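K.L.:
Below are the structure tokens for one structure; questions will follow.
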Amino acid sequence: MGDFVFPVDTAVTASTTSISFDDGVPVIVRDADGETVTEARPTTTRSFDAGTYSVEFCAALKLYVRVDAGFDLAVEPGQTRLDFADETTVRIGARSRHEHPAGTITTTTDPADVMRAVSLLGSALKTTTPERSYPTLRGHPPLVELGDEFDAPDHLERPDTGVRVEVPADYESVFVVAPLAYYLGADVVPGDDPRLVAGDFTHSLDHRDGLAAGVEEALKQVFILDCATRTEGVYDVDLHERDELDAAVDLDFPALYDADAEARLAAYFAVPFETVAPHVPEWKQTTHVAPTPDSVELLPHVVNDLALVRPPQTRALGDADAKTDAVRDFMRSTGASTPGSATAVPRTVRPEHTPSIEQSWIGEGAPLGASKPTRDAFENALGRTPSDGDVDVAVVCNDDAMNAEGDVVNDAYELRGDVAMNVTVYERLHTDALRDLLASDVDFLHFIGHIDGEGFKCPDGLLDARTLDDDAVGVDAFLLNACRSYEQGMALLERGSIAGVVTVRDVVNRGATAIGQTLARLLNHGFPITAALDVAGEESFMSNRYVVVGDGGFSLAPTRGRTPAVYEVDEHADDTYTVGIDAYPTSDAGMGSMTVPYFDGNDQYFLNSGRVSEFTLDHGDLIEFLTLQDVPLRVDGDLTWSTEFALDAL
């Protein structure tokens, strides 16, 4: 739609005197030629004379306003307003951050056909310029399914980049290069020596630590240098990482923005990886993928997250590895006080640790310290229509001895004022009532009670989720805070749910209550479910007993500022404080998104993954920040909240 600088999904014409958001969102104002006039962040107020402008609101929904008039712009931490002197006709375009696949590729189990399928994942790219480092301009890759012969819709075409990736024709090699091929829009072809090729340029992907390490370094190098180069385009923002790279490398970023793929890649890889590595943000996710045919169908969802792919390396754990002295305390097993119950115990594995924020596991077994994505969960998410308005949460407490958790999590879900949370607490639900609740359009189910090998324990018996009909579950996501709830959680995913937190061992009642309360509050504040468990798990010795299953990027509520974060506060002797920001990318704000820390004196954008930066504040500035909004803090190693922290202790 030609009225806008960037592609939009839909556009309307409207007459209005103002446009407003109930949040302080960054705003970029461009003139009629697409040149940036101003970047407005919270605490910005400015007036614009009559003219033609394109105003971009960087909110959960990408919103562009085309206006031929003057206006007043005010961006505050709690509100963003665009006001006109009189009723004015504007053109409004929107682009959803929720992408859907443009089609489905059918492939055989022949690795050569799998290569053809992976080569088409880049058909989803909306640009092959360095702006592909923005997640909204990448697009969700087409789905892949196994069949008797290769088939792809005619409209799925790999972009004409002239880039190819050569690797041996085996599952492991093809899976490992999938995210790199997707990001570069590259053709994946057989080759004995793994390498990246663009015209006369070649870059070896061979590495002393294996192909996965070579691909990881290549993807990170292209990505971070794309992030720096894109500031020469329509988003000429003051990006912190660009400033750092300007001092570290001798690259002509303006020339690279206009260069073709061959010249740009040649210049990028002329820089040693060790030079750019300190400036690469902590990667969102590493996925350990079993080199089997079934894994092919999960690849589009993996690369959509721009996850790094590694072959599975792990060690199996026996019962002794999961036991601690604490299991002698009261357990949430079916009336038992030790872990020796009839509850099903899945085979557990511990994936090899990587420096990414999140780990996920595609293979046999229940992973400890990683999420377990499934094809059913992702397809359930794609087929679900996002709910409008209120968020519906059901808290079920099926054991009177655990009513305390029901009370505290009810309060945690209702704490946020800017999102309407409808929380309903149920006690001692019978099997028919629980079955009906599972079938309802509830956004989140928080179950407190007992689960054994035969199902959810109810006053009148057991409800086994494995006996429910296909597509019988309407609940989007869940926390099954009961002993060994893994199998029941997987059954809910198979029948309609998108994501959940389950347990793979017995859990101590006290610890389970604490984790349930912390998870509830983090989910309420917009943390994705995997990030929420990661943060909550740092507070408990039982964290390795909980596992996210399904789509770990599921978010129960939007987050203020689009990127949730934990703020680590350290006090110094001179009455100053260091505030470190640990950011967690989301499905709406993935790798390549930017965040703006709202501290006085900060005029820079930062990439939004991992430790964003550290700021030194005086006492007054810290107090002002902590009273601005409710955010999670880590003080002296303990998790607390800004609205509950004793400010007079600072």
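K.L.:
If you take the C-alpha gyration tensor of region 169-246, multiply each eigenvalue by 5 and take the square root, what semi-axes do you get, largest first, in whole Å?
P.N.:
Numbers: eigenvalues 156, 35, 24 Å².
Semi-axis lengths for region 169-246 are 28, 13, 11 Å.
K.L.:
Amide H neighbours of ALA366 under 5 Å, at least 5 residues apart or on other chains, H built in the peptide plane: list them.
P.N.:
Placed amide hydrogens put ARG347, THR348, VAL349 under 5 Å from ALA366.
K.L.:
List the chymotrypsin sites (Phe, Trp or Tyr not before Pro) within region 542-650 that DSSP assigns to loop and that have no more than 15 neighbouring Cβ atoms inside 10 Å.
P.N.:
Answer by residue number: PHE645.
K.L.:
Another question, then. What would the Debye equation give as log₁₀ I(q)/I(0) for the chain at q = 0.06, 0.08, 0.11 Å⁻¹, counting only Cα atoms as equal point scatterers?
P.N.:
-0.34, -0.62, -1.18
K.L.:
Residue by residue, what Karplus-based ³J(HN,Hα) values in Hz, rounded to whole numbers, does region 518-534 have, using 6.51, -1.76 and 1.60 with θ = phi - 60° and x for Gly and Pro?
P.N.:
5, 4, 4, 6, 5, 4, 4, 8, x, 5, x, 5, 5, 4, 4, 5, 4
K.L.:
Would you compute, from DSSP H runs of 4+ residues alone, the mean residue ellipticity of the chain at 222 nm, taking -39500 (n - 2.57) per run and dividing by the full residue count, rounded to the nearest 500? Intermediate values should be presented prior to the final figure.
P.N.:
Working: 16 runs with 152 residues, N = 650.
Value at 222 nm, helices only, nearest 500: -6500 deg cm²/dmol.
K.L.:
For a bin width of 10 Å, list the pair-distance distribution of region 127-210 built from all Cα-Cα distances, rounded to whole %.
P.N.:
It works out to 14, 45, 34, 7, 0, in whole percents.
K.L.:
Karplus couplings for region 613-625 from phi (6.51 cos²θ - 1.76 cosθ + 1.60, θ = phi - 60°), rounded to Hz, Gly and Pro as x?
P.N.:
Karplus-based 3J(HN,Hα) across region 613-625 equals 5, 10, 10, 9, 10, 7, 4, x, 5, 5, 4, 4, 5 Hz.
K.L.:
For region 104-303, I need the span (max minus min coordinate) of the C-alpha atoms along each principal axis, in Å, sorted largest to smallest.
P.N.:
53, 37, 32
K.L.:
Report relative contact order for region 416-495 in percent, whole number only (criteria: Cα-Cα under 8 Å, sequence separation at least 6). It would help to have the intermediate numbers written out before the result.
P.N.:
Values: 105 pairs, mean separation 27.2, N = 80.
Over region 416-495, the number comes to 34 percent.
K.L.:
In the chain, with Lys and Arg counted as +1 and Asp and Glu as -1 at Cβ, which of these residues, LEU628, THR136, VAL409, has the Cα nearest the positive end of the dipole, that is, farthest along it?
P.N.:
The residue sitting farthest along the positive end of the dipole is VAL409.
K.L.:
Also, I was wondering about something else. Report the normalised scattering of region 10-95 as log10 I(q)/I(0) at q = 0.16 Å⁻¹, calculated by the Debye formula with identical scatterers on the alpha carbons.
P.N.:
For the requested q values the scattering log ratios are -0.54.
K.L.:
So what is the orientation-averaged projected area of region 569-650, using the convex hull of its C-alpha atoms, in nm²?
P.N.:
Working: hull surface 23.1 nm².
Directional mean of the projected Cα hull area for region 569-650 stands at 5.8 nm².
K.L.:
List the lysines whose Cα lies under 23 Å from the Cα of LYS126, skipping any in the same chain that are fewer than 8 positions away.
P.N.:
Cα-Cα hits under 23 Å: LYS62, LYS220, LYS284.
K.L.:
Let me ask something additional. GluC sites (Glu not before Pro), restricted to region 578-650: which are DSSP loop and have at most 13 other Cβ atoms within 10 Å? Walk me through the intermediate numbers first.
P.N.:
Working: sites: GLU614, GLU624, GLU644; in loops: GLU644.
For GluC sites (Glu not before Pro) across region 578-650 that sit outside H, G, I, E and B with at most 13 neighbouring Cβ atoms in 10 Å, the list reads GLU644.
K.L.:
Whole-Hz ³J(HN,Hα) for each residue in region 116-130, computed from phi via Karplus 6.51 cos²θ - 1.76 cosθ + 1.60 with θ = phi - 60°, x for glycine and proline: what do you get?
P.N.:
4, 5, 5, 4, 8, 4, x, 4, 7, 4, 8, 7, 10, 7, x
K.L.:
Further, regarding this structure: Given H placed on each backbone N at 1.01 Å, which residues far from ARG158 in sequence or on other chains put an amide H within less than 5 Å of it?
P.N.:
none
K.L.:
Loop only per DSSP, at most 16 neighbouring Cβ atoms within 10 Å: give me the GluC sites (Glu not before Pro) in region 57-153, ordered by residue number.
P.N.:
On the way: sites: GLU87, GLU99, GLU131, GLU145, GLU149; in loops: GLU99, GLU149.
Loop-located and lightly packed - GLU149.
K.L.:
Rounded, prolate or oblate, given the Cα gyration tensor of region 73-194, with a/c below 1.5 counting as rounded?
P.N.:
Numbers: a/c = 3.32, a/b = 2.48, b/c = 1.34.
Prolate, since a/c reaches 1.5 and a/b exceeds b/c.
K.L.:
Hey, what did the chain get for relative contact order, percent, Cα under 8 Å, at least 6 apart?
P.N.:
Numbers: 1499 pairs, mean separation 64.0, N = 650.
After rounding, I find 10 percent.
K.L.:
So, one more: Would you grab the residues whose amide H sits under 5 Å from the one on LEU633? Only those 5+ places off in sequence or on another chain, please, with H modelled 1.01 Å from N.
P.N.:
TYR567, THR640, TRP641, SER642
K.L.:
How high is the relative contact order of region 80-208, given as a whole-number percent (alpha carbon pairs under 8 Å, six or more residues apart)? Let's see the in-between values first.
P.N.:
Details: 232 pairs, mean separation 33.8, N = 129.
So the answer I get is 26 percent.
Read-outs: derived from the displayed coordinates by stated rules, not from any lab. Remember, it's a predicted structure, so these values are computed and weren't measured experimentally. Reconstructed Cβ throughout: ideal geometry from the backbone, glycine too, with neighbour counts over all protein chains shown.
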